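Only one structure is covered here, and it is reproduced in the block below.
The values are calculated or read from the model by the stated rules, or taken from the named source; none is laboratory data. Keep in mind it's a predicted model, so treat the numbers as computed, not measured. Ideal geometry is used to build each Cβ from the backbone, glycine not excepted, and the neighbour counts take in all protein chains shown. The area values use the complete protein model at the heavy-atom level, side chains included, leaving out ligands, DNA and RNA. Shrake-Rupley method; radii C 1.70, N 1.55, O 1.52, S 1.80 Å.
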Amino acid sequence: MIKITTKKPTRLMKLFSYLIYLTLCISLSAQTPSAQNSTPLNKGSVKSVGMSVERLARIDTMAESAIADSDVPGLVALVARNGKIVYHKAFGVADSGTGRELKEDDIFRIFSQTKAITATAVMMLWEEGLFKLDDPISKWIPEFKNPQVLDTYNYTAGTYTTIPGKQEITIRHLLTHSSGVGYGAIDPDERIRLIYKEAGIIEAVTQKHVLIADNIKKLAKLPLHFHPGEKYTYSMGLDVLGYFVEILSGMPLDEFFYSRIFKPLGMKDTYFYLPENKVDRLVLTHGPKDGKWVPYLGDGTIDPDYAFKGAKSLFSGGGGLLSTAIDYANFLQMYLNGGVLNGKRLLSRTTIETMMASRVEMYSGSGYGLAFSVLDEKGVSVGGQGSEGTFSWGGAANTQYFADPNEQVIGVILKQTFGQRTDDTRWQFRQLVFQAIDD
Amino acid sequence: MKYSILQLVFILSLILGIQAQTPSAQKSPALLAGSPKSVGLSKERLARIDAMAESAIEDNDVPGVVALVARNGKIVYHKAFGLADNSSGREMKKDDIFRIASQSKAITSTGVMMLWEEGLFKLDDPVSKWIPEFKNPQVLNTYNYTSGTYTTIQADREITIRHLLTHSSGLGYGLIDGDERMKLIYNKTGITDLFTTDPVTIGDSVKKLAKLPLHFHPGDEYRYSEGLDVLGYFIEVVSGIPFDQFLNTRLFDPLGMDDTFFYVPDDKADRLVTVQKQVDGNWVKYTGVEGYYDADYPIKGAKTFFSGGAGLSSTVSDYATFLQMYLNGGELKGIRFLSRTTIKTIMSPQVALNSETEDYGLVFGLVNEKGVAFGGPGSTGTFKWGGYFNSQYFADPNEQIIGVIMKQTRYQTTDDTSWQFGQLVFQAIDD
């Protein structure tokens, strides 16, 4: 193009260079076009994808009996295979107070299902060559320099001592929950819970005016559970990476998600904060009281109205998103397609291979990869969870998903409850989806 | 519009099919006769099975035998040799009925997995959720042989469905338990270990069994057990129907296993092979174990006990049909019994057997890689088991081969056919 500018450009040359410029702009700043042209998820017949109508109907029975038994007030379930939605139904109520019936396209707080989307964003930037997975995060967020590991804690004074971390926290540590970073109010270690509270860390959602930059810079100064890389402990690592995405891309996380992931994938109902015209589709969070479902008003940590009320300023990469079953299924379908959907390539197949292979030990049967929990051979022998390589996760308000690359099967089940321990649909749904395979 | 009885039966079975086994888009035919050559087997090599059977009978290793070989869904070998009853001289026939004893276990386990597919339980759920008598399991600590009393220690964990399927619950096996103390405890409590002609039900026996001490903490090791008897009762509790009816409606009828029963109906009683033993070089009727069971149990007595671990009688072709359903990935004749994905889990090693060459999955023993090096039978993943009255079977998903050999003897230690048959079937592969 420099050569072109030295001569007087012809009109054709001008147009040509403009086109190149346009292509470069789009491709450098966004997802790229792909020769693969998988369509977004659309409806198909159960039989055409090798599943059994009669066996899928067992999901109806499951849902109806779970509602009859007061295990859940309502649920939306979606099953897709080979890029076709073969089951997408709503059962029960979205609001036990008004009795509003749950609808298939209702919007749920997906909490930790946000993590896979943030991890995807990180890997999209990684594909641009902007960093290595084993780079220290302090290169972009200097507050993470000289990490400290918690040593002793004084419950009376709320003070603590630390020892220097043996190594710095890397991007890979943050993706795989092996950084040593804690999880505030939901952390298993009471000392970490108290330290986070004292520091004023927001775990995921709030109506207050907080920016992730503020939250993460404070978090960066807090002591770690263990030396970075030592083991898996569920953490706010993806919140840190949400801020990291903002720094690398130069745009707020909500804008990055929208322009680079939601829009190209057609995820038209996925947001950090709902636009007003969609608020009536938001499902109410419920909690159990005397064997009945009542509106859950929050426990001080989570105020469920954050979704449409308040400052709407915090973009939690670990737990901030709202979405629908079909939006999330489209996101998963992009992975099953090897990184492409609707002619848009978000990730290369080779990157996805790395994301599934780089795992830390989590518990028997599964390891945690760069975006998801991934089932191993042992997990297959446990039964009802899919074939080797099936990836899955869920969210705090009782939502679950899984996708099996081998069987090309997706399952998403969304409920919206807190404090319920007897909800069998959590495991039943997955078991029922795989037994419905009839080829 | 008039329907014929057959059409009505068909419609009825479709209606039942929705809540039981389900229709499938796959349409594998029932087992039919075919030529060895058409399925890549050598006729000459299969004939070595004839020689094996004839010489085993001549050597008094067995009084008679029925053997079946199938490949790619075709029966290519199905023959009877010798006598079904030496005192009357009745010749063995291909469709004769045998007490298959522990071959019942795979059928019971299949029933369990069908209910699992309905999402009714997790494999790692404690069985006490359905049979509360199993709460607070105890492990045997000391035993006093004089008084028959014992002490126990609290078990580390509860018994799960998976433990029961894989013989890792710590439950014993009474009459055939290797531990004398267990044998005595089970006998004293009046547990029905195998078969009976008395008017007992599995519910009665299992609830008593649930209170007895275990060999070890659930999940700690593999030890052959009455776990499948417990699961037969579990099926009754979960499905709400008697176990014999469950197997009839969910497995035997749809699979066309018309000669498989807990108790052989009168009009088929003459096809039941006599259990025999060697006395001074002659085959004589084996009557059972005094104080435990009468070997005529399939055709005699109260007929109320449905043992999921040992109670069934069957034929080689019925059992081969059952195995073919597994080789088809869970389907036969357009009916889906299990999903291919469930079979994958069933065929995943769950516990190590007391053998380096085999593991135990959820339903069968499984030949592992080392087993192949050892000489089989079959390729990795071949599943197999056998029964107390000297019957054996195997099926190789890789080679799509089934072998079933049934005899009906006790106390016979020199019967080489139990290993020869497998060896001869696989050497007959000629493709």
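Residues are listed down the side, and each one gets a yes or a no for (1) touching a Leu at 6+ places or on another chain (Cβ under 8 Å); (2) open to solvent by 10 Å² or more (accessible area, probe 1.4 Å); (3) on the phi > 0 side of the Ramachandran plot; (4) within 14 Å of chain A (Cβ to nearest Cβ):
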| site | (1), (2), (3), (4) |
| --- | --- |
| B:Thr321 | yes, yes, no, no |
| B:Asn328 | no, yes, no, yes |
| B:Ser339 | no, no, no, yes |
| B:Glu358 | yes, yes, no, no |
| B:Val372 | no, yes, no, no |
| B:Gly375 | no, yes, yes, no |
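Contact map, the stretch B:150-166: first residue farther than 30 Å from B:Met113 by Cβ and touching a residue at least 40 places away in the same chain (Cβ under 8 Å), second residue open to solvent by less than 60 Å² (accessible area, probe 1.4 Å) and part of a helix (DSSP H, G or I), Cβ cut-off under 7 Å, separation 6 or more or different chains; pairs are B:Tyr150/B:Ile185.
Every residue in the stretch B:181-191 that is over 14 Å from B:Thr142 (Cβ atoms) and open to solvent by 30 Å² or more (accessible area, probe 1.4 Å), please. Can you show your working first?
From the stretch B:181-191, those over 14 Å from B:Thr142 (Cβ atoms) are B:183, B:186-191; that's our starting set.
B:Lys183, B:Asn187, B:Lys188, B:Thr189, B:Gly190, listed by residue number.
Please determine whether any residue of the stretch A:353-364 is closer than 30 Å to B:Leu115 by Cβ and within 14 Å of chain B (Cβ to nearest Cβ). Break it down stepwise before answering.
Restricting attention to the stretch A:353-364, the residues satisfying the condition of being closer than 30 Å to B:Leu115 by Cβ are A:362-364.
Applying the additional criterion that residues be within 14 Å of chain B (Cβ to nearest Cβ) yields A:363-364.
The answer is yes; a qualifying residue exists.
Being in contact with a Phe, Trp or Tyr (Cβ under 8 Å, 6 or more places away or on another chain), away from chain A (no Cβ under 14 Å) and at pLDDT below 95 is the requirement here; does B:Ile57 meet it?
Working: in contact with a Phe, Trp or Tyr (Cβ under 8 Å, 6 or more places away or on another chain): yes; away from chain A (no Cβ under 14 Å): yes; at pLDDT below 95: no.
So B:Ile57 fails the test.
Within the bounds of the stretch A:218-226, is there any residue that is more than 29 Å from A:Arg359 (Cα to Cα), touching a strand residue (DSSP E or B) at 6+ places or on another chain (Cβ under 8 Å), open to solvent by 30 Å² or more (accessible area, probe 1.4 Å) and touching a residue at least 60 places away in the same chain (Cβ under 8 Å)?
Restricting attention to the stretch A:218-226, the residues satisfying the condition of being more than 29 Å from A:Arg359 (Cα to Cα) are none.
Scanning the stretch A:218-226 turns up no residue that is more than 29 Å from A:Arg359 (Cα to Cα), touching a strand residue (DSSP E or B) at 6+ places or on another chain (Cβ under 8 Å), open to solvent by 30 Å² or more (accessible area, probe 1.4 Å) and touching a residue at least 60 places away in the same chain (Cβ under 8 Å).
Got at least one residue in the stretch A:95-105 being within 14 Å of chain B (Cβ to nearest Cβ), buried (at least 19 other Cβ atoms within 10 Å of the Cβ) and not hydroxyl-bearing (Ser, Thr, Tyr)? No - not one qualifying residue is present in the stretch A:95-105.
Of the residues making up the stretch A:29-54, those that are within 14 Å of another protein chain (Cβ to nearest Cβ) and open to solvent by 40 Å² or more (accessible area, probe 1.4 Å) number 5.
Does B:Gly311 satisfy the condition of being within 14 Å of chain A (Cβ to nearest Cβ), open to solvent by less than 30 Å² (accessible area, probe 1.4 Å), assigned to a loop (DSSP other than H, G, I, E, B) and not polar (S, T, N, Q)? Even if it seems obvious, please write down each step before you answer.
Numbers: within 14 Å of chain A (Cβ to nearest Cβ): no; open to solvent by less than 30 Å² (accessible area, probe 1.4 Å): yes; assigned to a loop (DSSP other than H, G, I, E, B): yes; not polar (S, T, N, Q): yes.
Judged against the criteria, B:Gly311 is not a match.
Taken over the stretch B:341-356, residues that are within 14 Å of another protein chain (Cβ to nearest Cβ), open to solvent by 10 Å² or more (accessible area, probe 1.4 Å) and under 26 Å from B:Ser225 (Cα atoms) amount to 8. Total residues in the stretch B:407-428 satisfying the condition of being under 16 Å from B:Asp50 (Cβ atoms) and among the hydrophobic types (A, V, I, L, M, F, W, C): the figure is 4.
Selection of the stretch B:80-129 for residues being part of a loop (DSSP other than H, G, I, E, B) and either within 14 Å of another protein chain (Cβ to nearest Cβ) or buried (at least 20 other Cβ atoms within 10 Å of the Cβ) (or both) yields B:Met92, B:Asp96, B:Ile100, B:Glu117, B:Glu118, B:Gly119, B:Leu120, B:Phe121, B:Lys122, B:Leu123, B:Asp124, B:Asp125.
Sort out which residues of the stretch A:359-416 are among the β-branched types (Val, Ile, Thr), in contact (Cβ under 8 Å) with a residue 24 or more places away in the chain and open to solvent by 10 Å² or more (accessible area, probe 1.4 Å), and write them in order of number.
Here is the first cut: in the stretch A:359-416, the ones among the β-branched types (Val, Ile, Thr) are A:360, A:374, A:380, A:382, A:390, A:399, A:409-410, A:412-413.
Among the residues that remain, those that are also in contact (Cβ under 8 Å) with a residue 24 or more places away in the chain are: A:360, A:399, A:409-410, A:412-413.
Across the stretch A:359-416, the qualifying residue is only A:Val360.
Being open to solvent by less than 20 Å² (accessible area, probe 1.4 Å) and outside any strand (DSSP E or B) is the filter here; which residues of the stretch B:287-304 pass it? B:Ala295, B:Tyr297, B:Pro298, listed by residue number. A:Ala57 meets each of the listed conditions (1) outside any loop (DSSP other than H, G, I, E, B); (2) more than 12 Å from every other protein chain (Cβ to nearest Cβ); (3) of a type outside the set (S, T, N, Q); (4) surrounded by fewer than 21 Cβ atoms within 10 Å (Cβ to Cβ) apart from (2). Taking the criterion of being under 24 Å from the mean Cα position of the chain (by Cα), closer than 18 Å to B:Glu117 by Cα and open to solvent by 10 Å² or more (accessible area, probe 1.4 Å), the only residue of the stretch A:60-87 that qualifies is A:Tyr87.
In the stretch A:249-275, the residues that are under 24 Å from A:Ser38 (Cβ atoms) reach residues that are open to solvent by 30 Å² or more (accessible area, probe 1.4 Å) and part of a helix (DSSP H, G or I) with C-beta atoms within less than 6 angstrom, at least six apart or across chains, in these pairs: A:Phe256/A:Ser249. Collect the residues in the stretch A:279-304 that are open to solvent by 40 Å² or more (accessible area, probe 1.4 Å), under 22 Å from A:Asp214 (Cα atoms) and out of contact with any helix residue (DSSP H, G or I) (no Cβ under 7 Å at 6 or more places or on another chain), keeping them in residue-number order. Those that are open to solvent by 40 Å² or more (accessible area, probe 1.4 Å), under 22 Å from A:Asp214 (Cα atoms) and out of contact with any helix residue (DSSP H, G or I) (no Cβ under 7 Å at 6 or more places or on another chain): A:Gly300, A:Asp303. Here the strands (runs of 3 or more DSSP E) wholly within the stretch A:368-439 that include at least 1 residues being modelled with pLDDT of 95 or more and within 10 Å of chain B (Cβ to nearest Cβ) are A:399-404, A:409-414. Put simply, of B:Val264, B:Val284 the only residue that is in contact (Cβ under 8 Å) with a residue 40 or more places away in the chain and either closer than 23 Å to B:Lys183 by Cβ or in a loop (DSSP other than H, G, I, E, B) (or both) is B:Val264. Of the residues B:Ile176, B:Ile235, B:Ile241, only one is closer than 25 Å to B:Ser313 by Cβ, free of Cβ contacts under 8 Å to residues at least 40 places away in the same chain and not charged (D, E, K, R); which? The conditions single out B:Ile241. Just checking, how many residues over the stretch A:260-277 are farther than 19 Å from A:Ile212 by Cα and open to solvent by 30 Å² or more (accessible area, probe 1.4 Å)? Number of matching residues: 6.
The condition of being closer than 16 Å to B:Ile131 by Cβ and open to solvent by less than 40 Å² (accessible area, probe 1.4 Å) holds for only one of B:Phe234, B:Phe195, that being B:Phe234.
Open to solvent by less than 10 Å² (accessible area, probe 1.4 Å) and either touching a helix residue (DSSP H, G or I) at 6+ places or on another chain (Cβ under 7 Å) or aliphatic (A, V, I, L, M) (or both), is that true of B:Val66? Explain how you work it out, then say what you get.
Values: open to solvent by less than 10 Å² (accessible area, probe 1.4 Å): yes; either touching a helix residue (DSSP H, G or I) at 6+ places or on another chain (Cβ under 7 Å) or aliphatic (A, V, I, L, M) (or both): yes.
Yes, satisfied.
With respect to A:Ala329, is the statement that it is outside any helix (DSSP H, G or I), away from chain B (no Cβ under 14 Å) and on the phi < 0 side of the Ramachandran plot true? Can you show your working first?
Numbers: outside any helix (DSSP H, G or I): no; away from chain B (no Cβ under 14 Å): yes; on the phi < 0 side of the Ramachandran plot: yes.
No; evaluated as a whole, the condition is false for this residue.
Per the conditions (1) in contact with a Phe, Trp or Tyr (Cβ under 8 Å, 6 or more places away or on another chain); (2) over 30 Å from A:Asp376 (Cβ atoms), the sole criterion not satisfied by B:Thr342 is (2).
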